[in-house]
Structures are given as C-alpha cells and as structure tokens.
Amino acid sequence: MNDTASRYKTVCAAIERAARDCDRAPDDVRLIAVSKTHPAEAIGPVLEAGQRDFGENYVQEAMAKWPALRQRFPETVLHLIGPLQSNKAREAVELFDVIHSLDRASLARALAKEIARKVANGGGAPALFIQVNTGEEPQKGGVLPLDADDFIRACRDEYGLEISGLMCIPPFDEPPSPHFALLRKIAERNGLAGLSMGMSADFDAAIQLGATHVRVGTAIFGERGTPSG
Ligand SMILES: *Cc1c(COP(=O)(O)O)cnc(C)c1O
C-alpha cells in the first residue's frame, strides 16, 4: 500500500469509530475523498483501495481529470463541492452526480434548465445540496441562515428541484460544532435528510452532529499545492 492508500484506510477507520461512538451505523456516513488539485496518479491508489465517492472544486479541472479515471472505475460518484458559476451549469450537470454548492436563485434557475435538458435526453439528474453560509462570511458562498427556509422552498416550488440536503463550511477560526448544529436544525425543520459537513480537521464532530457526507481531502491526499483550474 502506498502512503495515500494507507492514509485513506486510516480515515475510513476513524470515520467508522466516530460513527460507532455515537451509536450511528458507519454506513450512514459517506466519505467523499476530496481530490482537488491532486493529479490522477494520486487518485488511482484510492480508487484501487475501494473508494468511489470523490469531491472536486473546479469544473474545468474535474473535466480534465475524471473521464479517463471513470472509464477504469465506472461506479465512481463525483461530487462538486466548490462554488459554481451559472455559465458552467451545463458542464457541471453533465459531469457531476452530486452538486453541493447550490446557493442562489440564478444558479437554481440555470441548474433546473440544464437538468431538464439532460433528463429529456435520457440522462439522470444530479442530487442537489444547498450550501448555507452558517458563519455569515462575506467571502464565502452559501445562503444566509435566515434566508435558508425561503430559498429551500423556492428551489422546490419555483424551480421544481429536488433537494437532498444542506452543506456548510464553518469559519476557519471558530469551533465548528455550533455551525454543524445550526445546519442540522435548518435541515430538520425543512425535512431534509442529507447533511454535508465535516472536513479533515473536524469530521468527528460533524459525525456526532449527524453528518451524512464528510468531505475529506488533506487527511487522505496530503497538503495541497497551488489550486489549479
Ligand atoms: C477543499 C475542501 C474540503 C476538504 O478540506 P480538507 O481540509 O483538505 O479535508 C472539503 N470541503 C470543501 C468545500 C472544500 O473546498
């Protein structure tokens, strides 16, 4: 096993332990291996070790890397976890199985249009998570917590989108648990089952607070260099 594969195994074991510690079934927590900025050669060993869910931040980068990897591993599930520009909605809907960063009406409209086009051509619709800016940080994507209920309703009723859950990225310099708890509260009152929360540094806390999807990059692939894409 190479270093990446062995770090991957360590993360899997830690997730399983965190789930059991709070009486959750380990299968209820899905690990998304965040491979952004890492080349195909770094991703291969993790695919070979059995991982199938991967997260990418940049549409362009994912389009360059994943088609070839997917030919080798057709059951791969690709998650877009980075901000999405409306003019990339078509490419994102074509490539990704799950989009975690829906956060504004213009994007909801663009996604609804591209999903309708894809479904009409016999394709499948990606699952959608709404990103909530729980820390109300100006530089970060996501709807504000106070606007979340209205936005979820608009996505469902005005744009006809099926929403799977919510996603958040807590502020870097704050304890994450209050943010995870807030996300869960918003999800519960809107009847949403999916909670995409928890990264390398805090996935234990996220699992305790109900995460269904944890997004782990550094703990598997090591430190990232300069982002590409
Ligand atoms: C990069 C990224 C991650 C992974 O972060 P690590 O700290 O490397 O585990 C998770 N979620 C999002 C939205 C990211 O951009």
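A few points about this structure:
- As a calculated quantity, the FRET efficiency between A25 and D97 at R0 = 25 Å, using C-beta atoms, amounts to about 0.65.
- Amide hydrogen proximity for V34: with H placed 1.01 Å from N in the peptide plane, the residues at 5 or more positions away or on another chain lying under 5 Å are G55, V216, G217.
- Close amide H partners of V77, meaning residues 5 or more places away or on another chain with modelled amide H under 5 Å apart, are D53, F54.
- Report note on the peptides 137-144, 87-94, 99-106: ranked by the mean count of other C-beta atoms within 10 Å, highest first, their order is 99-106, 87-94, 137-144.
- Between A105 and E137, the simple label model (points 7 Å from Cα in the Cβ direction) yields a spacing of 2.7 nm.
- Linear extension gain, K9 paired with T218, 0.36 nm per residue minus alpha-carbon span: 73.9 nm
- FRET efficiency, F73 to D173 (Cβ-Cβ, R0 25 Å, nearest 0.05): 0.10
- Proximal lysines relative to K65, as straight alpha-carbon distance under 30 Å, when same-chain residues fewer than 8 apart are discounted: K9, K36, K88, K113, K118, K140
- C-alpha center-to-center spacing [segment 188-221, segment 73-125] in angstrom: 21 Å
- Computed label-point distance, nm, for sites R156 and E41 using a 7 Å Cα→Cβ extension: 4.9 nm
- Modelled label reach - A116, point 7 Å along Cα→Cβ, segment 131-162 residues with backbone N closer than 15 Å: 155-162
- Tensor-based shape of the chain (alpha-carbon gyration tensor, a/c under 1.5 rounded, otherwise prolate or oblate): oblate
All of the numbers you see were taken from the coordinates with simple rules; none came from a lab. Small disclaimer: the values here were computed from a predicted structure and weren't measured. No Cβ is skipped: glycine too gets one built from the backbone with ideal geometry, and neighbour counts run over all protein chains shown.
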